[in-house]
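One structure below.
The values are calculated or read from the model by the stated rules, or taken from the named source; none is laboratory data. Fair warning: this is a prediction, and the values are worked out from it, not measured in the lab. Note that each Cβ is placed from the backbone with ideal geometry, even for glycine, and that neighbours are counted across all protein chains shown. Accessible surface areas use protein heavy atoms only, side chains included; no ligands, DNA or RNA. Shrake-Rupley method; radii C 1.70, N 1.55, O 1.52, S 1.80 Å.
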Amino acid sequence: MHLSSSKKAANQRKKASNTITLGSKVISLDAYLAPPVKRERSAARPQDGQQLEGPRNLADKNISKVKLIPEQFDQSLPAEKGCPKGTEDTTLLQNRKKLPIWQYRSEIQRALRGSENQVIIIVGETGSGKSTQVPQFLYKESWCNRRKTHAHGSRDEIFVGGTIGITQPRRVAATTLAYRVSHEAGTPLGKVGPDGRGLVGYSVRFDHRVPKGAKIKFLTEGTLLQELLRDPYLRQYSAIVIDEIHERSLDVDLLVGFLKQIINAGTEMRGGIPLRVIIMSATANVEIFKSFFNDASSTVSKTDIVQVLHIEGRQFPVEVIHEARPVADIQDALVKKILKIHMEEPLPGDILAFLTGQEEIEAAQKLIDEYATTLASNMPRIKVLPLYGQLSLDGQQEAFQPVSARFTRKVVLATNIAETSVTVPGVRYVVDCGKAKIKQYRPRLGMESLLAKPISKSSAIQRAGRAGREAPGKCFRLYTEAAFEALSESDLPEILRNDVLGAVLTMKARGIRDVLAFPLIDTPDTEAIEQALIQLHYLGALDDDGYITSAGEKMARLPVPAPLGAVLLAAEKPDFDCVIEAIDIISCITSGEDIFLQVQSEEGQEELELSRKELQRREGDLITYSTTIQQYTAENSDRMQWCKRKKINIRNIKQALNIRRQLRGICLKEKILRNAPEADPQPFTPLAPERAETVLRCFLRGYAYKTAMLAPDGSYVTVHGKHVVAIHPASVLHGQKKEAIMFLDHVFTNKSYAKKVSAIQAAWIAEALEIR
DNA sequence: GAGCACTGC
């Protein structure tokens, strides 16, 4: 255990390419990835045909979203396999004790008992077991009891504490961890203990299982942010554990800001009971978090309120090999490197290559496949599998399965999805092109760009680590050691890459008057915040003095982006009266990438156009969404078949129905919707053209600034900024000339594209802009 | 004529 003071951990910088700072030590990446303690790997190794292994995988949320749905997860708990009844608990405990974090149990408990150290930072590498164990170490501590007390200046009794909240960036992590921890702690989810109370719960969108008396509650970051609206001092919690903070999601950045404010405010509003904060990171670069929270101490006490604990992980060593000189053609170098590894490295050992996008993956796959046919018969075969987000579930699944053919090496060509979101088993060789596509918002242009950029050092290390999960491995970087050195330490956090419109509304709705003074680890440009304030004012969320309006409060309670919230609020007005239609469309828009699957081949394209024809509307994408969800819900024979025929993403349209149900519920509660809509299935009746017009005019109340007019030369020029914008090929209006268009997304890739496009009239824009 | 990855009481 290493308890470092701020000074010691600070100022340590990486010295050589493969070194990393761990507390006061600077060690090489090889050592960093090497097993630090004697491990009993053999005991925890998966047996033949068993994919999941022991505690390491279970503690790790970087897991296949396909493989780890909770039920499967539970069934595959190794401790329960071939294990006589009654010894389950002991085996679970034995496995827990093997985790690196176990030996630091009492130290963690001690660190949190004192009242001075209110913030603990735990650096635990992948496989340290921090996510599953830390809450279990703490929930029996006396400070974790629920207490009856009085809020400051009030005689009313309040209850404070009793629960440890653990946030996760992803739903699947929150739910699977809850299942795992509830098992380990002896009160499986859905069962109650001897005292008739539950122990572990989780709360994510559309899915809440928090038993009465739950001491441990896993939630997504967004869910906790929503809870802050009702419970600004987080009184139900004794402690908040922020897990995976190194991912720096926008929500987590806002969360730590609110946590810092709660700490700064003292304990009066919590009846004298402090809120303990545990920050957990998988990367050692935690100085920013430390100084962020230590700043808070200046107003509370003079002592350091932050302790840092380092816990080693469980990784096999990975040898990192750089290029001697820069490569001219990355794509070519990548293919050659994969083939070289295949020729020179022994089996077993699959190859995972990181590329920037689908296009590059497909091109590389073609080249490798071509080459594979020329392999000598005594050479192992190659099976190339693509892996990217938009790939069908079946396609993704294939990349996770071991190849069935004998004497064959699997080569997975993946986007960044394989860096954190999923784990490909069997990988011992990683090829890293050094780039990734990154989305960045440009406040001045009001548009996003999606371009391939160099990755960060921490990303490169993460990619390399993918080779050392099951055995010692190798990582081939297609760039020089000097180029690695020149990379930035970590990726730009989301709050500096995204539109902060939603973040500003979140702050305003939770009582922050001066958003520029809100404590943030990284503060966006003043200009970006000002743009957001102006836009929120236009949307009616803020009044002329910058205070939140009741409409703004409603918008913050709606789980949709602010402009779409404004659309919903406009939809209830008598001149539009189209809340049901707006909800249908918004559900489709917010249900994921797109409900429409894209098809590669040209012949598939023609077939697709025919089958989708009855869904498409000349008014554009929004009314097409409306038609699609209505036809889908009207379909009561075989929805699955219907989706297959129309090439509709089943997962996303199901998600759209979930969102639709949720939005209808919230709109009823908020009185945006007066009467509950008729239950499905309803017969399909096409939206009349005049109704479609009303719906589009209503959407303009949120998107008047995202419009363009047709110029004499046939191009579209945006009303704001006068930029040329092209209708994206995925839009039903692609290639068409309309007087004016409204678009919900504006992304620069190869050029400036308008997405989710509708045909409108120029006069409507003026109408929408005159409103305020 | 084109799609990094997540996510929301």
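Pull up all non-local amide H partners of A:Phe218: gap of 5 or more, or a different chain, and H-to-H distance under 5 Å with H placed in the peptide plane.
Those lying under 5 Å, H to H, from A:Phe218 are A:Ile166, A:Gly201, A:Tyr202, A:Ser203.
Among the DSSP beta bridges whose two residues both lie in chain A, what percent are antiparallel, rounded to the nearest 5? Walk me through the numbers on the way to the answer.
Details: 41 of 99 bridges.
In chain A, DSSP labels about 40 percent of beta bridges as antiparallel.
Got a sec? Charge dipole of chain A, +1 on Cβ for Lys and Arg, -1 for Asp and Glu; which of A:Pro574, A:Gln440, A:Ile108 is way out at the positive end?
Checked the options; the winner is A:Ile108.
Using 7 Å Cα-to-Cβ label points, what is the A:Glu530/A:Lys722 separation (nm, one decimal)?
About 2.2 nm, to one decimal.
So what's the net charge close to A:Asp594: Lys and Arg +1, Asp and Glu -1, counting the other residues with Cβ under 12 Å from its Cβ?
+1
In chain A, with Lys and Arg counted as +1 and Asp and Glu as -1 at Cβ, which of these residues, A:Ala740, A:Ile455, A:Asn636, has the Cα nearest the positive end of the dipole, that is, farthest along it?
Result: A:Ile455.
Take every Cα pair under 8 Å in chain A that's 6+ residues apart, average their separations, divide by the length, and report that relative contact order as a whole percent. Can you show the working numbers first?
Working: 1396 pairs, mean separation 79.0, N = 772.
Reported relative contact order: 10 percent.
Quick one: 3J(HN,Hα) in Hz for segment A:451-457, Karplus 6.51/-1.76/1.60 with θ = phi - 60°, rounded, Gly and Pro as x.
Residue by residue, segment A:451-457 yields 9, 6, 10, x, 7, 8, 4 Hz.
Below 16 Å Cα-Cα, how many Lys pairs turn up in segment A:379-453? Only count pairs eight or more apart in sequence, or on different chains, if you could.
Numbers: A:Lys383/A:Lys410; A:Lys435/A:Lys453; A:Lys437/A:Lys453; A:Lys439/A:Lys453.
Close lysine pairs under the 16 Å cut-off: 4.
Please report the base-10 log of the normalised intensity I(q)/I(0) for segment A:232-347, using a Debye sum with one equal scatterer per alpha carbon and no solvent, at each q in 0.11, 0.20, 0.21 (1/Å).
-0.58, -1.13, -1.21
At 0.36 nm per residue, and after removing the present C-alpha to C-alpha distance, how many nm does the segment from A:Leu445 to A:Asp514 gain when stretched out fully?
Working: separation 69, 0.36 × 69 = 24.84 nm, distance 2.46 nm.
Once the chain is fully extended between A:Leu445 and A:Asp514, it gains 22.4 nm.
By the gyration tensor of its Cα atoms, with a ≥ b ≥ c the square roots of the eigenvalues, what is the shape of segment A:733-772: rounded for a/c under 1.5, prolate for a/b over b/c, or oblate?
Details: a/c = 3.17, a/b = 1.64, b/c = 1.94.
Taking the square roots of the gyration eigenvalues as a ≥ b ≥ c, segment A:733-772 is oblate.
Give, in nm to one decimal, the length gained when the segment between A:Ser106 and A:Gln401 is fully stretched (0.36 nm per residue of separation minus the Cα-Cα distance).
Working: separation 295, 0.36 × 295 = 106.20 nm, distance 4.00 nm.
So the chain would gain 102.2 nm between A:Ser106 and A:Gln401.
Per-residue HN-Hα couplings for segment A:757-766, Karplus 6.51 cos²θ - 1.76 cosθ + 1.60 at θ = phi - 60°, whole Hz, x for Gly and Pro?
9, 10, 7, 9, 9, 4, 4, 5, 4, 4
Order A:Glu770, A:Glu362, A:Glu609 by their accessible area, 1.4 angstrom probe, all chains in place, largest first.
On the way: A:Glu770 145, A:Glu362 75, A:Glu609 110 Å².
The ranking, largest first, comes out as A:Glu770, A:Glu609, A:Glu362.
Write out the chymotrypsin sites (Phe, Trp or Tyr not before Pro) in segment A:640-711 meeting two conditions: DSSP loop, and at most 15 other Cβ atoms within 10 Å of their Cβ.
Details: sites: A:Trp642, A:Phe684, A:Phe699, A:Tyr703, A:Tyr705; in loops: A:Phe684, A:Tyr705.
For chymotrypsin sites (Phe, Trp or Tyr not before Pro) across segment A:640-711 that sit outside H, G, I, E and B with at most 15 neighbouring Cβ atoms in 10 Å, the list reads A:Phe684.
Give the long-range amide H neighbours of A:Lys435: residues separated by 5 or more places, or on another chain, with amide H under 5 Å away, using H modelled in the peptide plane at 1.01 Å from N.
Placed amide hydrogens put A:Ile455 under 5 Å from A:Lys435.
Run the numbers on segment A:175-218 and let me know its relative contact order in percent, using alpha-carbon pairs under 8 Å that are six or more apart. Could the numbers behind the result be given before it?
Details: 74 pairs, mean separation 14.8, N = 44.
The value is 34 percent.
Any chance you could look up the accessible area of A:Lys215 with a 1.4 Å probe, heavy atoms only, rounded to 10 Å²?
40 Å²
Nearest 20 debye, what's the magnitude of the dipole of chain A about its Cα centre given +1 on Lys and Arg Cβ and -1 on Asp and Glu Cβ?
Values: 105 positive and 92 negative charges, 476 e Å.
Dipole size: approximately 2280 debye.
For segment A:107-112, what does the Karplus curve 6.51 cos²θ - 1.76 cosθ + 1.60, with θ = phi - 60°, yield as ³J(HN,Hα) per residue in whole Hz, taken in order and with x for Gly and Pro?
For segment A:107-112, the Karplus-derived couplings read 5, 5, 4, 4, 4, 8 Hz, x marking Gly and Pro.
Give the value in nm², to one decimal: projected area of the alpha carbon convex hull of segment A:148-190, averaged over all directions. All intermediate terms of the calculation are to be shown ahead of the outcome.
Details: hull surface 19.2 nm².
Spelled out: convex hull of the Cα atoms, projected over all directions, averaged, 4.8 nm².
Multiply the residue gap between A:Lys148 and A:Leu487 by 0.36 nm, knock off their C-alpha separation, and tell me the result in nm, one decimal place. Walk me through the intermediate numbers first.
Numbers: separation 339, 0.36 × 339 = 122.04 nm, distance 5.20 nm.
Additional length available on full extension: 116.8 nm.
Cβ neighbours within 10 Å, averaged per peptide: list A:196-202, A:324-330, A:104-110 in order, most packed at the top. Kindly include the intermediate steps, with their values, before the conclusion.
Values: A:196-202: 20.9, A:324-330: 11.9, A:104-110: 16.4.
Packing proxy ranking, top to bottom: A:196-202, A:104-110, A:324-330.
Under 5 Å between amide H atoms, partner at least 5 residues away or on a different chain: which partners does A:Met447 have, H built in plane at 1.01 Å?
A:Arg442
No solvent, one uniform scatterer per C-alpha: report log10 I(q)/I(0) for segment A:659-749 via the Debye equation at q = 0.18 1/Å, two decimals.
-0.97
With the contact rule set at Cα under 8 Å and sequence spacing of 6 or more, what percent relative contact order holds for segment A:411-472? Kindly include the intermediate steps, with their values, before the conclusion.
Numbers: 64 pairs, mean separation 25.1, N = 62.
The normalised contact order for segment A:411-472 reaches 41 percent.
How far apart, in nm, are the 7 Å Cα→Cβ label points at A:Ser392 and A:Ala676?
3.8 nm
Using only Cα atoms, figure out Rg for chain A and give it as a multiple of 2.2 N^0.38 Å.
Numbers: Rg = 27.0 Å, N = 772, 2.2 N^0.38 = 27.5 Å.
Dividing the Cα radius of gyration by 2.2 N^0.38 Å gives 0.98.
Under the rule of -39500 (n - 2.57) per DSSP H run of 4 or more residues, summed and divided by the residues of chain A, what mean residue ellipticity at 222 nm is obtained, to the nearest 500 deg cm²/dmol? Write out the running numbers ahead of the final one.
Working: 29 runs with 291 residues, N = 772.
That comes out to -11000 deg cm²/dmol.
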